[in-house]
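Every number in this text was worked out from the coordinates using simple rules, so none of it is lab data. Owing to the predicted nature of the structure, the values given are computational and were not obtained by experimental measurement. Positions of Cβ are generated from backbone atoms using ideal geometry, with glycine treated the same way; all protein chains shown enter the neighbour counts.
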Amino acid sequence: MAAIIFDFDGTIADSFDYVADFMAEEAGVAPLSEEARQALRGLSMAAMTRRLGFHWWQAIAVFFKGRRRMQQAIKDLDSFDGMPQLIRKLHAEGHELFVLSTNSLRNVRRFLHQEKIHKYFLEVYGGAGMFGKAPALRQLLKDHQLNVEHAVYVGDELRDVEAAQSIGLRAVAVTWGFANRKNLKEANPTALADTPAELLRILEDI
């Protein structure tokens, strides 16, 4: 059985609109049209902040402010259709499940409890590095004595794929989150899933 590590925002939680609207508000360009919001979807987080006119030091402040603000927004967020069922099925099949996210531990845990899926995860890692998840992924593997050959990271952004690849970990990219399919495919993940049902098939075969 594989150890499966999930990203949170854009993979389990449907939070893209919240993030895009919050950042646009901070940049003074809210409200975003649907066209403008979708134009941001294909960008990396760094590129999104640049597109909205933030300097890197401003982006850091906005990132932490957004995490704090999300404490109130969590109750209004939903999981992607099919993800709670996927998580329950993988757990029932004996896979060890984890969450690793740049979002705060408090936000992630609150959401998982809200969706009644918290008990299926062996551990949740929050507050992973804004500019790179590789150190946190490496620490998770070390903490649980997991071999990279028996683990996989599931995420929706280029940085998720790149972080996993940088430590020799398999990466499965999902196309319903922050990045678009074209950019994710170009990152050459181990596999690419367009729906939770397809993701389940991929993970059951790994």
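Sorted ascending by nearby beta carbons within 10 Å, beginning with the fewest, ASP156, ASP17 become ASP17, ASP156. The mean of 1/r over all distinct Cα pairs in region 80-145, once inverted, gives the Kirkwood hydrodynamic radius of 12.6 Å. With the highest mean first, a sort of the peptides 171-178, 81-88, 105-112 on other beta-carbon atoms found within 10 angstrom per residue produces 171-178, 105-112, 81-88. Over all other residues within a Cβ to Cβ distance under 10 Å of GLY127, the charged ones net out to +2, with Lys and Arg as +1 and Asp and Glu as -1.
Grab the beta carbon distance between GLU35 and GLU93, set R0 = 35 Å, and tell me the FRET efficiency rounded to 0.05. E(calc), rounded to 0.05, equals 0.25.
Residues TYR125, TYR153, arranged from fewest to most other Cβ atoms within 10 angstrom of their Cβ, appear as TYR125, TYR153. Counting only lysines at least 8 places from LYS119 when in the same chain, those with an alpha carbon closer than 16 Å to its own are LYS89.
Note on region 16-76: Kirkwood hydrodynamic radius from all Cα pairs is 11.7 Å, rounded to one decimal. The simple spin-label model puts a point 7 Å past each Cα toward its Cβ; for TYR120 and PHE64 those points are separated by 3.4 nm. Arranged from fewest to most other beta-carbon atoms within 10 Å of their beta carbon, VAL161, VAL99, VAL29 become VAL29, VAL161, VAL99. Straight-line cross-link reach from LYS116 at under 20 Å between alpha-carbon atoms covers these aspartates and glutamates, not counting any fewer than eight positions away in the same chain: ASP7, ASP9, ASP14, ASP76, ASP78, ASP81, GLU93, GLU96. In the chain, the inverse of the mean reciprocal separation of distinct Cα atoms equals 17.1 Å; this is its Kirkwood hydrodynamic radius.
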